[in-house]
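Below is one structure; the comments refer to it alone.
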Amino acid sequence: MTTNHAAHSPSGRPSIGPSGSPTESRITLRSPAELADALPYMLGFHPTDSLVMVTVQGEGGRFGGRLRVGIPTEPAEWEETARQVAECLIGGSERRGGKPDGIVLFLCQDPREGESGQRVMTRLRPLAQRIRLACGALDVPVLEALCLTGGRYWSYTCADSDCCPAEGNSLATPGTSVMAAAATFAGLRVRGSLKDIESRLTPLRGPWAAEQEEALERAATALVPKILDGATREQIGAETLSLARTLMRRMTLAPPAENGPGADAWDDALLGHDEAAAVILGLQDREIRDIAAEWMEADEAAPALRLWRALARRCVGAYGEHAAAPLTLAGWVSWSTGDEPTARIALTLALRADADYRFAQLLHHACNEGIDPEGLRQCLREERRRREPSRRRPAGTTRPPGRKTADRRRRTPRRSEGKDQ
């Protein structure tokens, strides 16, 4: 089977992207093997346990919008999932400029214990068929549907045993293909697997988790007397932000020697349990969180991202919902600094922690719609310029008009508290 799809780059350098013109440089993908090899570069990571759909648009078959969701564990959910993902992807494409001419589907799942890759392909075939039918009902054909599992790939649309044999084809060794070379030239980066990225943002386990939950309990208990004694939100917020800046400076002065899990363990060791608990609880106030969101560029971005990741890992046990704030901040900094794949994952995890967390909802939607984050960066810069002079005013002077706070609620330290939006 031969499938020609091209991707264009406004800079003229090869890329996998959603837009371009016939005069721009392109990478042409001519086979299921090349499509399978290109998938991590389209997403920025190796998907695991994922249903991925990519639109194909225009005469040249340019890649457009893309969607990734987890594969439902229950087959009874597959038909509804197929309908939802088809409507979401196609509807989004229509809102951005037109109905796609086709869709490429990928089903990625590691074999279960004792299961072969071929068995995975057979087990997921009904899901692929339901997605093809759901897209067809919206007048958009699925041009190719691939199953990637166990280091091999299978096509659900090709019956030619010469190119798509029953035992599948081996995936290219990472980094060795022409696609990998072209992507490297284009500056595209694969940031490990989905599981790798998620593991950097998920709560700690073991003795550290138990100690951290105890610290969160202590901090929550200590916060109530402060409020009852008349401590203002501004005072509590100032304490939270001052401590967060101290932790960021500590991280700046102690960079990790490596990336990945080693760097996370290093950062975890830099944070005391009580320090982490105090900042986590402080960030539940939306005004404090919004000020923290201003640390999204220049020299502040890297230590802020390290801190938000570390705090997300400290939201353990009964405090799992509190992770929505640091996860959203981690997603925002990632998006603001150009790491959209990690941003989407962090924001998805934030919504998993608290489905009603409004800031995460807005950022997730904007990131998926391809909106430029510069507009929000400008708003945060202006807010910072407006606010910082007021912090230097002599005591007793009138505070200049600030943002309205009547509709902002502090998340109380009780476990039964309402959701932050």
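The values are calculated or read from the model by the stated rules, or taken from the named source; none is laboratory data. For clarity, every value in this text was computed on a predicted model and none was experimentally measured. Glycine gets a Cβ as well: all are built from the backbone with ideal geometry, and neighbour counts include every protein chain shown. All accessible areas refer to the heavy atoms of the entire protein, side chains included, with ligands and DNA or RNA removed. Shrake-Rupley method; radii C 1.70, N 1.55, O 1.52, S 1.80 Å.
Tabulated values for the structure
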| read-out | value |
| --- | --- |
| Count of the range 298-335 residues which are in contact with an Asp or Glu (Cβ under 6 Å, 6 or more places away or on another chain) and open to solvent by 10 Å² or more (accessible area, probe 1.4 Å) | 3 |
| Inter-residue pairs, beta-carbon under 9 Å, first over 21 Å from Met42 (Cβ atoms) and in the range 337-354, second basic (Lys, Arg) and open to solvent by 10 Å² or more (accessible area, probe 1.4 Å), 6+ apart | Asp354/Lys419 |
| Test: residue in the range 342-356 that is at pLDDT below 95, outside any helix (DSSP H, G or I) and not hydrophobic (A, V, I, L, M, F, W, C) | no |
| Candidate set: the range 44-75, residues that are of a type outside the set (A, V, I, L, M), open to solvent by 20 Å² or more (accessible area, probe 1.4 Å) and in a strand (DSSP E or B); chosen: the one farthest from Gly97 (Cα to Cα) | His46 |
| Complete set of residues in the range 105-144 that are under 24 Å from the mean Cα position of the chain (by Cα) and buried (at least 21 other Cβ atoms within 10 Å of the Cβ) | Leu105, Phe106, Leu107, Cys108, Gln109, Ile131 |
| Residue that is among the basic types (Lys, Arg), within 19 Å of the chain's Cα centre (by Cα) and closer than 26 Å to Arg189 by Cα, where the choices are Arg62, Arg66 | Arg66 |
| Where Ile291 falls short, out of the listed (1) of a type outside the set (D, E, K, R); (2) within 22 Å of Gly331 (Cβ to Cβ); (3) at pLDDT below 95 | (3) |
| Among (1) at pLDDT 90 or above; (2) outside any loop (DSSP other than H, G, I, E, B); (3) within 17 Å of Leu148 (Cα to Cα), the one test that Ala36 misses | (1) |
| Complete set of residues in the range 109-124 that are touching a residue at least 24 places away in the same chain (Cβ under 8 Å) and either touching a His at 6+ places or on another chain (Cβ under 7 Å) or assigned to a helix (DSSP H, G or I) (or both) | Gly117, Gln118, Val120, Met121, Leu124 |
| All positions within the range 187-210 that are over 16 Å from Arg309 (Cα atoms) and small (Gly, Ala, Ser) | Gly187, Gly192, Ser193, Gly206, Ala210 |
| Any hit, the range 170-191, residues being modelled with pLDDT of 90 or more and either in a loop (DSSP other than H, G, I, E, B) or open to solvent by less than 40 Å² (accessible area, probe 1.4 Å) (or both) | no |
| Residue in the range 89-108 that is modelled with pLDDT under 95, in a loop (DSSP other than H, G, I, E, B) and closer than 17 Å to Asp49 by Cβ present | no |
| Check on Trp295, open to solvent by less than 10 Å² (accessible area, probe 1.4 Å) and without any contact (Cβ under 8 Å) to a residue 40 or more places away in the chain | no |
| Qualifying position, being of a type in the set (Asp, Glu), under 22 Å from Thr348 (Cα atoms) and either exposed (fewer than 13 other Cβ atoms within 10 Å of the Cβ) or at pLDDT 90 or above (or both), among Glu214, Glu239, Glu198 | Glu198 |
